[in-house]
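One structure below.
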Amino acid sequence: MSIKDWPLSERPREKLLSKGPRALSDAELLAIFIRSGTRGQSALDLARHALSELGGLRALLDSEQRRLCRLPGLGVAKFVELSASLELGRRYLESRLQRGDPLASPGDTRRFLEARLKGYAQEVFACLFLDNRHRVICFEEMFHGTIDGASVHPREVVRRALSHNAAAIIVTHNHPSGVAEPSRADRALTRRLKQAAELIDVRLLDHVVIGDGETVSFAERGWL
């Protein structure tokens, strides 16, 4: 049965309009992108198959063009649309942390950091530099490593903080393994960063570790 033959309340597009996008499953959202099915399979069937084949939504969205385009219903045009949608989402989150704006909420900050770092296959360490009213000065990716770690130099973080005349910083890095739990090395680095920042009267507000669908905040755990 085609999606057009389904009851209105069960069609993905109509469901989104009546209940909002959060009411839809991953497969239903993807089906809206796919738009039309093939003989014997609806767009929702194709979406479910793609998610199952690739191991879920994140794996699908992180897939290379060649792998994604091999799936039924997901050709080059759909790859372009999905890539554009992801970039729009990142820019939307970044627009909420524009230069000169105060941090709106910890949730906004965390979502922005997740969007910036979660797609990397290697470990990346970055800093969000803030003024004395916690307004955003800039975000910088500072160190790139392998899948096992990045070599982070506190003196370089201090140098960039001075260059931006920052009064506070939030540091972040991703764990390509997907497990957000900080390591002993992460905690030791955070202590060194805090000590180095204090020498120039800069506050380290948080260290956020990005995993696969989860984050860990040092500030929330009382480690700062």
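Read-outs throughout are calculated quantities, based only on the coordinates presented, and are distinct from any laboratory measurement. Computed from a predicted model, the values in this text were never measured in an experiment. Positions of Cβ are generated from backbone atoms using ideal geometry, with glycine treated the same way; all protein chains shown enter the neighbour counts.
As an exercise, use a Förster radius of 35 Å and the Cβ-Cβ distance of residue 151 and residue 77 to find the FRET efficiency, rounded to the nearest 0.05.
The formula returns an efficiency of 0.30 here.
Assign one of three labels to region 3-91, namely rounded, prolate or oblate, based on the Cα gyration tensor with a ≥ b ≥ c the square roots of its eigenvalues; rounded applies when a/c is under 1.5, prolate when it is not and a/b is larger than b/c, and oblate otherwise.
oblate
How do 190-198, 165-173, 5-13 rank on mean C-beta neighbours within 10 Å, highest first?
Ranking, from highest mean packing down: 165-173, 190-198, 5-13.
Under 13 Å from the 7 Å Cα→Cβ point of residue 36, by amide nitrogen: which residues of region 61-80?
Output list for this probe position: 73.
Could you work out the helix-only [θ] at 222 nm for the chain, with each DSSP H run of four or more residues adding -39,500 (n - 2.57) and the total divided by the number of residues, to the nearest 500 deg cm²/dmol?
Mean residue ellipticity, 222 nm, calculated: -13000 deg cm²/dmol.
Compute a Gaussian network model of the chain, connecting alpha carbons closer than 10 Å, and tell me which residue from 54, 74, 199 fluctuates the most.
The residue that fluctuates most here is 199.
Search the structure for amide H atoms under 5 Å from the amide H of residue 149, placed 1.01 Å from N in the peptide plane, and list their residues when 5 or more places away or on another chain.
Hits under the 5 Å cutoff: 123.
Let's see if you can work this out: charge +1 on each Lys and Arg Cβ, -1 on each Asp and Glu Cβ, no other charges. What is the dipole magnitude of region 1-144 about its Cα centre, in debye to the nearest 20?
Dipole of region 1-144, to the nearest 20 debye: 320 debye.
Cross-link candidates for residue 4: which lysines have Cα within less than 27 Å, leaving aside residues fewer than 8 places away along the same chain?
List returned: 15, 19, 78.
Would you tally the net charge around residue 106, using a Cβ to Cβ cut-off of less than 11 Å, leaving residue 106 out, and scoring K and R as +1, D and E as -1?
Summing Lys/Arg as +1 and Asp/Glu as -1 gives -1.
Based only on Cα atoms, what mean projected area does the convex hull of the chain have, in nm²?
13.9
What FRET efficiency comes out for residue 162 versus residue 108 if R0 is 25 angstrom and r is the Cβ-Cβ distance? Round to the nearest 0.05.
After rounding to 0.05, the efficiency reads 0.40.
Show the residues, 5+ positions off or on another chain, whose built amide H is closer than 5 Å to the amide H of residue 37.
HN-HN under 5 Å from residue 37: 43.
Can you tell me the length gained on complete extension of the stretch residue 181 to residue 19, counting 0.36 nm per residue apart and subtracting the Cα distance?
54.8 nm
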